[in-house]
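I have placed the structure first, in the form of structure tokens, so that the comments after it can refer back to it.
The values are calculated or read from the model by the stated rules, or taken from the named source; none is laboratory data. Just so it is clear, the model here is predicted, and its values are computed rather than measured. Neighbour counts are summed over all protein chains in view; Cβ atoms, including those assigned to glycine, are modelled from backbone coordinates with ideal geometry.
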Amino acid sequence: MKESGRVIRFRPRGAPPSGWRWPVQRSRPGEAPVADLKKYERAEGEDDYRHRMTMNALALLTTTILVVVGVWLAISIADMRKGQDCYLQGGRNCNQLVIPQPKR
């Protein structure tokens with residue numbers, strides 16, 4: 001009987017042997033898993049509300065501009081594709097003219 005294939009496990013250089021696991025460090029009850037995070041905490045009075053709101057407004061403005069430009073770009077590409085499809089199919093009047101209708 002012919003063997004259809006064989007899976008060979010890839011082990012990167014320097015990797016531990018296949019049956020070996022990384023040692024799991026468990027914290028004791030009541031003990032924090034990390035030694036001390038107090039050096040990363042900020043004091044209560046350091047919050048600059050005006051600066052934060054200015055940055056939020058700028059982020060909202062930037063996001064809005066990106067969305068509007070993205071929608072405009074998608075519509076332009078769709079219109080250009082329709083024009084190219086018409087031309088490639090042999091159409092002669094692919095650009096649609098908008099002619100206002102006189103009011104009666």
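So which of Arg81, Arg9, Arg50 is modelled with pLDDT under 80 and out of contact with any Pro (no Cβ under 6 Å at 6 or more places or on another chain)? Steps first, answer last, please.
Numbers: Arg81 fails: modelled with pLDDT under 80; Arg50 fails: modelled with pLDDT under 80.
Being modelled with pLDDT under 80 and out of contact with any Pro (no Cβ under 6 Å at 6 or more places or on another chain) holds for just one of Arg81, Arg9, Arg50, which is Arg9.
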I'd like the residue in region 47-83 that is over 25 Å from Asn95 (Cβ atoms) and basic (Lys, Arg) and, out of all such residues, is surrounded by the most Cβ atoms within 10 Å (Cβ to Cβ).
Arg52
What single numbered condition from (1) within 32 Å of the chain's Cα centre (by Cα); (2) at pLDDT 80 or above; (3) exposed (fewer than 10 other Cβ atoms within 10 Å of the Cβ) fails to hold for Val34?
(2)
